[in-house]
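Rule-based calculations on the coordinates, nothing more; no lab input. This is a predicted model, so every value here is computed, not measured. Positions of Cβ are generated from backbone atoms using ideal geometry, with glycine treated the same way; all protein chains shown enter the neighbour counts.
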Amino acid sequence: MGMEEAADRLALQHLVIAYCHGIDRRDYALLRRLYHDDAIDDHSPFYCGSAQGYVDWLPSIMQTWSKTTHSIDNMLFLIDGHYAEGELGAKAYHRTLDGHREFIAYGRYADRYEKREGVWRFAHRSFILDWSEERAVAQGDDFGTDGVATGRPGSSDPCYIRLPMLEADRAERSGDIGGLNATVDFTSSGNEGR
């Protein structure tokens, strides 16, 4: 594997992990930047259409969950020049607003990516559900978590207090400039001297 292919693989990994972060932190400005303007997102039967429409639709569906955690495990990328495909193992955890039930989807993203102007973004993203679980959340002992920072959707999540670069990045995106997506091009790191 050459340096260019290694850089492309890192950029694709960053892209799919940034998506998980954007969903769970409800960072819709970030999510919007991860897709090409003409991209399609297929989360059928809930949504299938333009990626921009998908991001516009997300707040209405995400408001039904108190917490979510999206994670990627296996990542298989095939790259052909400025085009790539990826099959990604995924787990999406959702807790209801009242905190009494949880829904966990296990599946895969079947993605197509394009590198335009040196930056990889989603061209077409679809989710394949392999199986799911719905269960009651056990109530009772919190195993000594009093005083532990707890995650929450949005910009009030503790990660933005503890990680000032991440907080500044989100603040920049609020003004629609720069942001996490700018780091997707790994061909020049911009981190010299750090």
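Run the simple label-point estimate for M1 and K91 please: 7 Å along Cα→C-beta, distance reported in nm.
Computed distance between label sites M1 and K91 equals 2.4 nm.
Compare the Cα positions of Y93, Y160, S44 along the charge dipole of region 3-176 (+1 at Cβ of Lys, Arg; -1 at Cβ of Asp, Glu; about the Cα centre) and return the one farthest towards the positive end.
Towards the positive end, the residue furthest out is Y160.
Kirkwood Rh over alpha-carbon pairs of region 89-131, then Stokes-Einstein at 37 °C and 0.692 mPa s: what D in µm² s⁻¹, rounded to an integer? Before the final figure, lay out each step's value.
On the way: Rh = 12.4 Å.
Calculated translational D: 264 µm²/s.
In vacuum, with every alpha carbon of the chain counted as one equal point scatterer, what does the Debye formula give for log10 I(q)/I(0) at q = 0.10, 0.11, 0.13, 0.14 Å⁻¹? Two decimals, please.
After summing over all Cα pairs, the log10 values are -0.45, -0.54, -0.76, -0.87.
I'd like to know which of A138, T150, P59 lies farthest towards the positive end of the charge dipole of region 50-167, counting +1 on Cβ of Lys and Arg and -1 on Cβ of Asp and Glu.
Of the candidates, P59 comes out farthest on the positive side.
What span do the alpha-carbon atoms of region 1-101 cover on each of the three principal axes, reported in whole Å from largest to smallest?
The Cα atoms of region 1-101 stretch 50, 27, 23 Å along their principal axes.
Got a sec to turn the phi values of region 65-76 into Karplus ³J(HN,Hα) couplings, 6.51 cos²θ - 1.76 cosθ + 1.60 with θ = phi - 60°, whole Hz, x for Gly and Pro?
Those phi angles translate into 10, 7, 8, 9, 9, 9, 9, 10, 10, 6, 10, 10 Hz.
Per-residue counts of other Cβ atoms within 10 Å, averaged by peptide: what ranking do you get for 46-56, 14-24, 145-155, highest first?
Numbers: 46-56: 15.8, 14-24: 19.9, 145-155: 10.8.
Top to bottom by mean Cβ count within 10 Å: 14-24, 46-56, 145-155.
Between H21 and S44, how high is the FRET efficiency from 1/(1 + (r/R0)^6) when r is the Cβ-Cβ distance and R₀ = 22 Å? Nearest 0.05. Intermediate values should be presented prior to the final figure.
Values: r = 24 Å, r/R0 = 1.08.
Efficiency at R0 = 22 Å is approximately 0.40.
Through the Karplus equation 6.51 cos²θ - 1.76 cosθ + 1.60, θ set to phi - 60°, convert the phi angles of region 78-94 into ³J(HN,Hα) values in whole Hz; use x for Gly and Pro.
10, 10, 9, x, 9, 10, 8, 10, x, 10, 10, x, 9, 10, 10, 9, 9
Work out how much length I104 to K67 would gain on full extension: take 0.36 nm times their residue separation and subtract the Cα-Cα distance, in nm to one decimal.
On the way: separation 37, 0.36 × 37 = 13.32 nm, distance 1.18 nm.
Here the segment from I104 to K67 would lengthen by 12.1 nm.
Under a crude label model (7 Å from the Cα following the beta-carbon direction), how far is R112 from M165 in nanometres?
Result: 3.5 nm between the two label points.
Placing unit charges on C-beta atoms (Lys and Arg positive, Asp and Glu negative, everything else neutral), compute the dipole magnitude of the chain about its Cα centre in debye, rounded to 20. Don't skip to the end; give the middle numbers.
Working: 21 positive and 32 negative charges, 70 e Å.
Using only the charged Cβ atoms, the result is roughly 340 debye.
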